[in-house]
Amino acid sequence: MVFKKDFLDKIINITSNAAIACYPHLGKKNKVLVDKTATDQMRKNLNQLDINGKVVIGEGELDEAPMLYIGEKLGTGEGPSIDIAVDPLEGTNFAANNLPGALSVLAISAKGNLFNAPETYMDKLAVSNDIPFDATDLDFPIEKNIKNIADYKNKDLNQITACILDRPRHRKIIDKLKELKVNIKLISDGDVAGALFVTDKKHSIDIFLGIGGGPEGVLAATALDAFNCKFQGRFLFKTDEDIKRANNMGIEDLNKKYNLNEIVKGVSIFCATGITSGDLVNGVKCENGKFITETLVTHKNSSISIVKKEVPILD
């Protein structure tokens, strides 16, 4: 399936508009309101597209927040059948407290090309495209992954940097990284952005690892695919309800390790617009009667770029 430039522009506008909608609520300490605002704006704009869209990666079930739910139909019903992966507000804490790193994220592909994943947790690993595929693996001990990366990059262990969510569940991993004298970048939220740090040397991240949201894993994989990076994920099902949802989606092997090409197939579009400024993109700015947004766009087989938009402020 070929996505034309005018369609790509419409997708960029959707995340850009969702980010702008959040602007009045930044720093107001209301996570639910700012998330609902982004979600409502994105739903409205997606429903105006001439597509037969279906949400295969939704958000909100774990947080009981407003959501674009898995299975929701979007678009006018006219046009191509599209799989949609969405997180209207990645980093609700960041937006509610006006902290760096909040994003509005959307990925699309032809029907059947994005993994239909439940709202559960995922154990993840991502590394840059300059590391041989077999050098790292989700099933390797942490020490082996780190030492293999160091060997291939011809670096000492203390020159390697790992990115991981700052969570109690990662204490053993973090302690092991410290024992190895590896540099650690701890992030409080936003593991879509965390995984994308491996895409560019300017971020100085050699490996992203740990347990985060499953939907965020699929979204990150969509972007990493365009960068030819490695990504692996394994869903974690802790309750009978988790298992039932997975089975209903056709997932039978609950312990399966998924490689990137099993999560994302064919041509896809990924857009992440900054709501608050972070390492990937700048946040929404208001200057000279205009909102200015910045969006990271990946379009597999085509381009990877940062797109700036200017939108007049309406009275």
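Some notes on this structure:
- Selection count where residues are outside any loop (DSSP other than H, G, I, E, B) and small (Gly, Ala, Ser), scope the stretch 261-315: 5
- Scanning the stretch 154-169 for residues that are outside any loop (DSSP other than H, G, I, E, B) and within 16 Å of Ala126 (Cα to Cα) yields a count of 5.
- The set of residues in the stretch 32-49 that are surrounded by fewer than 18 Cβ atoms within 10 Å (Cβ to Cβ) and touching a residue at least 24 places away in the same chain (Cβ under 8 Å) comprises Val32, Asp40, Asn47, Gln48.
- Residues (surrounded by fewer than 24 Cβ atoms within 10 Å (Cβ to Cβ) and hydrophobic (A, V, I, L, M, F, W, C)) located in the stretch 211-228: Ile211, Ala226, Phe227
- Flag for Leu196 being at pLDDT 95 or above and touching a Leu at 6+ places or on another chain (Cβ under 7 Å): yes
- In the stretch 178-200, the residues that are in a helix (DSSP H, G or I), acidic (Asp, Glu) and farther than 21 Å from Cys229 by Cβ: Glu179
- Count of the stretch 249-300 residues which are without any contact (Cβ under 8 Å) to a residue 60 or more places away in the chain and closer than 18 Å to Ala85 by Cβ: 3
- Among the residues of the stretch 134-148, at least one is of a type in the set (A, V, I, L, M, F, W, C), assigned by TED's automatic domain parsing to the domain that holds Tyr258, part of a helix (DSSP H, G or I) and within 17 Å of Ser204 (Cβ to Cβ).
- Within the stretch 260-290, the set of residues being farther than 30 Å from Asn17 by Cβ and in contact with a helix residue (DSSP H, G or I) (Cβ under 9 Å, 6 or more places away or on another chain) comprises just one member, Asn261.
- Being hydrophobic (A, V, I, L, M, F, W, C), out of contact with any Ser or Thr (no Cβ under 7 Å at 6 or more places or on another chain) and in a helix (DSSP H, G or I) holds for only one residue in Ile70, Ile14, Ile20, Ile84, and it is Ile14.
- Looking across Phe231, Phe197, Phe208, one residue alone is of a type in the set (A, V, I, L, M, F, W, C), surrounded by fewer than 24 Cβ atoms within 10 Å (Cβ to Cβ) and in contact (Cβ under 8 Å) with a residue 60 or more places away in the chain. It is Phe197.
- Note on the stretch 205-260: residues that are within 18 Å of Phe140 (Cα to Cα) and either in a strand (DSSP E or B) or not hydrophobic (A, V, I, L, M, F, W, C) (or both) total 18.
The values are calculated or read from the model by the stated rules, or taken from the named source; none is laboratory data. Owing to the predicted nature of the structure, the values given are computational and were not obtained by experimental measurement. Every residue, glycine as well, gets a Cβ built from its backbone with ideal geometry; the counts of neighbours run over all protein chains shown.
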